[in-house]
Every structure is written in C-alpha cells, then in structure tokens.
Amino acid sequence: QVPLVESGGGLAQAGGSLRLSCAASGRTFSGCNMGWFRQAPGKEREFVAGIWWRGGRTYYAESVKGRFTVSRDNAENTVVLQMNSLQPEDTAVYYCNAGVAYSTTYVGGPYWGQGTQVTVSS
C-alpha cells in the first residue's frame with residue numbers, strides 16, 4: 001500500500017480557486033502515473049486529471065480542461081491539483097490515485113487517498 005493523503009479541500013464560491021495536494025509517505029511514487037478522480041453525490045467516480053511518470057505528460061477530463069492544472073514534485077513526493085474558475089458542478093469528493101492508466105478510458109490504480117471534500121457555491 002502507498003499511503004496517500006489529500007489536503008486543501010473546502011468551500012469556494014463560483015469563479016474561485018482551490019489547490020489540492022496529495023502527499024505520499026513510506027515510499028516514492030516517482031515511477032507511478034498519478035491522478036485525481038472525483039465523486040459527486042449519486043454519481044460514479046470519474047477521472048479528473050492525470051500526470052504520467054514518463055515525460056510528465058498531463059491529461060484532463062473535458063469538463064476541467066483550461067481550468068484545472070495537475071503537477072507533481074517527485075523530490076517532495078507530492079501531486080498538486082490547482083483548480084481555477086470553479087463551478088458548482090465541480091462539487092465532489094476528490095481522490096488522489098497512484099497507478100492510474102488509460103485503456104479505453106482512465107482507470108484508477110490500486111492506491112487511493114481517503115478523499116477531500118470540495119464544495120462550490122453559486
């Protein structure tokens with residue numbers, strides 16, 4: 001298991017920003033693709049953003065492109081999701097994931113954080 005701990009969630013107004021961080025302890029994840037997923041009430045968990053370990057390429061769901069930015073710091077063992085221009089539909093529990101992969105869709109790897117709540121008011 002790779003302990004992953006998210007932080008930075010909270011309440012924001014529409015148009016505002018939040019910054020989520022994911023910290024891993026116990027082992028490095030520099031060789032893992034890292035991702036963020038979210039789950040809104042009554043909906044399935046969905047992919048939000050990912051950053052691949054090889055080359056640092058980034059990928060985003062269409063709904064967040066141009067608003068969210070994912071980055072990683074392998075030396076600090078952290079992954080950050082910068083969320084700008086937040087909308088009420090971004091309200092969800094956000095999960096950090098290690099080992100995300102793409103087949104016909106993005107699939108979370110075996111390691112998950114506990115989740116952090118993001119609430120956006122209109």
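Before moving on, here are some points about what is shown:
- In the context of the full set of protein chains, residues of region 7-122 present 51 Å² of accessible surface per residue (probe radius 1.4 Å, heavy atoms only).
- Here the Karplus relation 6.51 cos²θ - 1.76 cosθ + 1.60, evaluated at θ = phi - 60°, turns the backbone of region 93-101 into coupling constants of 8, 9, 10, 8, 9, 10, x, 4, 9 Hz, with x for every Gly and Pro.
- Here region 17-122 has 47 percent of its accessible surface on carbon and sulfur atoms, given a 1.4 Å probe and all protein chains in place.
- Largest accessible area first, the residues Asp73, Asp90 order themselves as Asp73, Asp90 under a 1.4 Å probe with ligands, DNA and RNA left out.
- Toward the positive end of the charge dipole of the chain, with +1 on the Cβ of Lys and Arg and -1 on the Cβ of Asp and Glu, the farthest Cα among Asn77, Cys96, Phe47 is that of Asn77.
- Selected from Gln87, Gly35, Ala14, residue furthest toward positive end of dipole (the chain; charges at beta carbon): Gly35
- Summing charges over all other residues whose Cβ lies under 11 Å from the Cβ of Val64, with Lys and Arg as +1 and Asp and Glu as -1, gives -1.
- Spacing of the two label points (7 Å from each Cα toward its C-beta) at Gln114 and Arg54, in nm: 3.5
- Nearest-0.05 FRET efficiency for Lys65 and Ser7, computed from C-beta distance (R0 22 Å): 0.35
- Three-way shape call for region 42-117 based on the alpha-carbon gyration tensor, with the a/c threshold at 1.5: rounded
The values are calculated or read from the model by the stated rules, or taken from the named source; none is laboratory data. Given the structure is predicted, the values throughout are model-derived calculations rather than measurements. Because the Cβ atoms are built from the backbone with ideal geometry, glycine has one as well, and the counts that use them run over all protein chains shown. Accessible surface areas use protein heavy atoms only, side chains included; no ligands, DNA or RNA. Shrake-Rupley method; radii C 1.70, N 1.55, O 1.52, S 1.80 Å.
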